1. Using 7 Å Cα-to-Cβ label points, what is the Ala14/Arg121 separation (nm, one decimal)?
2. Going by how many other Cβ atoms sit within 10 Å of their own, how do His3, His198 line up, fewest first?
3. Determine the equivalent ellipsoid of the stretch 11-200 by diagonalising the alpha-carbon gyration tensor, then write out the semi-axes as square roots of 5 times the eigenvalues, largest first, rounded to whole Å.
4. Under the rule of -39500 (n - 2.57) per DSSP H run of 4 or more residues, summed and divided by the residues of the chain, what mean residue ellipticity at 222 nm is obtained, to the nearest 500 deg cm²/dmol?
5. Name the residue, out of Ala95, Ala147, Ala195, whose mean-square fluctuation peaks in a Gaussian network model built on the chain with Cα pairs under 10 Å.
6. Kindly express, to the nearest 10 degrees and within the range 0 to 90, the angle between helix 163-184's C-alpha long axis and the longest C-alpha principal axis of the chain.
7. Once you've got the GNM for the chain with C-alpha springs shorter than 10 Å, pick whichever of Val42, Val85, Val181 has the biggest mean-square fluctuation.
8. Would you mind classifying the stretch 35-85 by shape? Square roots of the alpha carbon gyration tensor eigenvalues, ordered a ≥ b ≥ c; an a/c under 1.5 is rounded, otherwise it is prolate if a/b is larger than b/c and oblate if not.
Amino acid sequence: MAHLPLTLADPRLAARLDACLDVEDKIPRALEALGPVAERDVLLVDGAGGRWEDRLGRLGGRIRTVDRPSATGRLDVPDGAVDVVLGLWSTFRGASPTEVAEADRALRPGGRLLVVHDYGRDDVAGLRGDLPEYGSWSRPNGPYLMAGFKIRVIHCFWTFGSLEDTRAFLGDAFGTAGTAVGATLRRPRLTYNVAVYHRSRAGSGPGS
């Protein structure tokens, strides 16, 4: 599910990451600016039960959650049912044409598709190795911009209580890579950049 940008097998570590991720609420504010979300019908794909549902609700959106598209590629909503379709990390990977077309089907005229993925060029990238999110996806000839998306990069953090806590978490969660990144830190937080890829429903004009 799209609660976190990565999967941690230990639920205690996952809960700690959930608590420290973007405590400044920069991501929700960006989604509101690019949607907007407030007072609109928002379809959150693959995000049921996580705190993102609550965070979006606090923006004033009417949140409905659905699972990832079924084997047929369809979302479980009627045509033109929502104003915003939102995917966080687990969906719309590489701007899958099938998924994007299905989002367009679910959106009303003028509706917005917002997709959050890691951007890299940050401390967190040192934990995860080489990912397409960190390179080809955000290039001018990459899948998102070629599909009519625009991109906004949000500079966030993973924020902990102390430097000792930060290093302990990184070592427990990411092993030698986490220990190496932790040794470079001088403050109890990691820089974390995310890309919000955004576009209007096909036929509604360019995204803003």
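Bear in mind these aren't lab numbers, they're just calculated from the coordinates by the rules spelled out. The shown structure was predicted, so the numbers you read here are calculated from the model rather than taken from an experiment. Glycine also receives a Cβ, built like all others from the backbone with ideal geometry; neighbour counts cover every protein chain displayed.
1. 3.1 nm
2. Numbers: His3 20, His198 23.
Ranked by crowding around the Cβ, least crowded first: His3, His198.
3. Numbers: eigenvalues 186, 66, 42 Å².
Working from the Cα gyration tensor, I get semi-axes of 31, 18, 15 Å.
4. Details: 7 runs with 67 residues, N = 208.
One gets -9500 deg cm²/dmol as the mean residue ellipticity at 222 nm.
5. Ala147
6. 80 degrees
7. Val181
8. Numbers: a/c = 3.16, a/b = 1.46, b/c = 2.17.
Oblate.
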